[in-house]
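Input: a single structure, listed below in structure tokens.
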Amino acid sequence: MKYKLKELLEKEINGNIYIDENMNKHTYFKTGGPADLFVEPESTESLIKTLKILNESKFDYYIIGNGTNLLISDKGYKGAVVKIGNKLNSITVNGTKIKTGAGTLLSNLAKETCRRGLSGLEFASGIPGFVGGAVAMNAGAYHGEMKDVIDYVVCLDKNNNILKYNNEEMNFRYRKSRVKDEDLIVLEIGLILEEGNVEEIKERIDLLTRLRKEKQPVEMPSAGSTFKRPEKGYAAKLIEDAGLKGLRFGDAMVSDKHSGFLVNCGRASTDEILALMRLVREKVYETYNIELEPEVKIIGEEF
Ligand SMILES: Cc1cc2nc3c(=O)[nH]c(=O)nc-3n(C[C@H](O)[C@H](O)[C@H](O)COP(=O)(O)OP(=O)(O)OC[C@H]3O[C@@H](n4cnc5c(N)ncnc54)[C@H](O)[C@@H]3O)c2cc1C
């Protein structure tokens, strides 16, 4: 089936199409086995055609962006991984309104809006995902989140209908949105920023970049914060206070710089990272009676 689909897609779309592509090339954690089929469409039209073909063939698929919040099974993914990659990265600016593609790097968008003296995206400058993934996850940092700057989101639903939602209709919550509730696919995003001063915006971005580098293991493969913030306390503090900072399982480690991050010290597998996540969760539960929930999206494995 995968070979037939590859042939069909090659006739119908522009983009990269591979069989048995290793997912460790597409995840920030650098782990994950092969996807039966990997498709990276080069345009929105090709993306829509790809999904139509996969839907009609009843072939399972999973959408990824920059892979910065993903943990994919070592056994890989039985189906197609569709990457909304950086070919879908247009940025159009009209006054304080921005229109951008789902494959734009958040950091590039923050840089570009800073250059134009537009304020509001400083919080996002160090988040390594694409804008589509950031909308899906309602990514946030340093008291800002995507919800604060989104005007509208254009999505595709499972029946290939193109839908446009305003901010309220997106139902943004902590690291969640309508995208995740309804398995939508983000195509285009409209943002509203505020007029500001280029130097001040740059200063704020530089400050947040320094803070990140000081406090987070940004130089190591990870998925950022592995666990969500629990109702009481902070995951990193609970993990550190439970004595787990620096704990290793194979090449997976609780970062000794920031206990909220599990990192890959070299050749960790997804299995090792998951085993360490389970150890951390058990110990925190034993010590504080608090259940940590993964923030990272786990594909192809139970947790
Ligand atoms: C070093 C580091 C620091 C980080 N810091 C932060 C932080 O400060 N704050 C924060 O919130 N996160 C942080 N993250 C996590 C991550 O960067 C964000 O969650 C980011 O928004 C994910 O975007 P992505 O494109 O990489 O998505 P992926 O990891 O590829 O996917 C994440 C989820 O979004 C879905 N998705 C992706 N693109 C689309 C789309 N176009 N349409 C529909 N669904 C889509 C996927 O199906 C998946 O469920 C960090 C990660 C790392 C590695």
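What whole-number volume per residue, in cubic angstrom, does the convex hull of the C-alpha atoms of the stretch 28-99 give? Write down the numbers at each step before the final one.
Numbers: hull volume 7.3 nm³, N = 72.
Each residue corresponds to 101 Å³ of Cα convex hull volume.
Which value in Å is the Kirkwood Rh of the stretch 1-40 over different Cα pairs? All intermediate terms of the calculation are to be shown ahead of the outcome.
Working: mean 1/r = 0.0940 Å⁻¹.
After inverting the pairwise mean of 1/r, the radius is 10.6 Å.
Report P(r) for the stretch 1-157: all Cα-Cα distances, bin width 10 Å, range 0 to the bin holding the largest distance, values in whole percent.
P(r) for the stretch 1-157, in whole percents per bin: 11, 38, 32, 16, 3, 0.
Any idea what Rg and Dmax come out to for the stretch 173-279 if you just take the C-alpha atoms, in Å?
Cα radius of gyration and Dmax of the stretch 173-279 are 17.5, 49 Å respectively.
Are there any GluC sites (Glu not before Pro) in the stretch 267-303 that are in a DSSP loop and have at most 14 other Cβ atoms within 10 Å? List them by number.
Answer in residue order: GLU291, GLU301, GLU302.
Using the crude model of +1 on Lys and Arg Cβ and -1 on Asp and Glu Cβ, and no other charge, please compute the dipole size for the chain relative to its Cα centre, in debye to 20. If you can, show how the numbers build up before the last one.
On the way: 44 positive and 46 negative charges, 51 e Å.
Using only the charged Cβ atoms, the result is roughly 240 debye.
Under the Karplus relation 6.51 cos²θ - 1.76 cosθ + 1.60, θ = phi - 60°, what is the ordered set of whole-Hz ³J(HN,Hα) values for the stretch 181-191, x standing for Gly and Pro?
4, 10, 6, 8, 10, 7, 10, 9, 10, x, 10
Classify the stretch 212-252 from the C-alpha gyration tensor, please: rounded if a/c falls under 1.5, else prolate or oblate depending on whether a/b exceeds b/c. Let's see the in-between values first.
Values: a/c = 1.77, a/b = 1.25, b/c = 1.41.
Since a/c reaches 1.5 but b/c is at least a/b, the shape of the stretch 212-252 is classed as oblate.
Let's see if you can work this out: charge +1 on each Lys and Arg Cβ, -1 on each Asp and Glu Cβ, no other charges. What is the dipole magnitude of the stretch 187-303 about its Cα centre, in debye to the nearest 20? Let's see the in-between values first.
Working: 18 positive and 23 negative charges, 84 e Å.
Here the stretch 187-303 has a charge dipole of around 400 debye.
Mind listing which trypsin sites (Lys or Arg not before Pro) in the stretch 195-276 are in a DSSP loop and have 13 or fewer other Cβ atoms within 10 Å?
LYS232, ARG267
Would you kindly work out the equivalent ellipsoid of the chain from its C-alpha gyration tensor and give its semi-axes, the square roots of five times the eigenvalues, largest first in whole Å?
Numbers: eigenvalues 178, 148, 54 Å².
Each semi-axis is √(5λ); the values are 30, 27, 16 Å.
Looking at VAL186, MET220, PRO230, which one has the Cα that reaches farthest to the positive end of the dipole of the chain (charges on Cβ: Lys, Arg +1; Asp, Glu -1)?
Result: MET220, furthest along the dipole toward the positive end.
Per residue of the stretch 38-54, in order, report the coupling 6.51 cos²θ - 1.76 cosθ + 1.60 (Karplus, θ = phi - 60°) as ³J(HN,Hα) in whole Hz, putting x for Gly and Pro.
Calculated HN-Hα couplings, in order: 10, 10, 10, x, 9, 8, 4, 4, 5, 5, 4, 5, 4, 5, 4, 5, 5 Hz.
So which of LYS30/LYS87; LYS6/LYS147; LYS2/LYS176; LYS49/LYS164; LYS58/LYS297 end up more than 27 Å apart by C-alpha?
On the way: LYS30/LYS87 22 Å; LYS6/LYS147 37 Å; LYS2/LYS176 32 Å; LYS49/LYS164 19 Å; LYS58/LYS297 23 Å.
From the list (LYS30/LYS87; LYS6/LYS147; LYS2/LYS176; LYS49/LYS164; LYS58/LYS297), the Cα-Cα distance tops 27 Å for LYS6/LYS147; LYS2/LYS176.
Could I get the Rg over Rh figure for the stretch 156-195? Both from C-alpha atoms, Rh via Kirkwood, rounded to two places.
On the way: Rg = 11.3 Å, Rh = 11.3 Å.
Radius of gyration over Kirkwood radius for the stretch 156-195 works out to 1.00.
Figure the gain on full extension for GLU231 and GLU56 (residue separation times 0.36 nm, minus the Cα-Cα span) and round it to one decimal in nm.
The GLU231-GLU56 span can extend by a further 58.8 nm.
Suppose every Lys and Arg Cβ carries +1 and every Asp and Glu Cβ carries -1, with no other charges. What dipole size does the stretch 1-136 come out with about its Cα centre, to the nearest 20 debye? Walk me through the intermediate numbers first.
Working: 18 positive and 14 negative charges, 50 e Å.
Around 240 debye, computed over the stretch 1-136.
Throughout, read-outs are computed from the coordinates displayed, never taken from laboratory work. All values derive from a computational prediction rather than experimental measurement. Note that each Cβ is placed from the backbone with ideal geometry, even for glycine, and that neighbours are counted across all protein chains shown.
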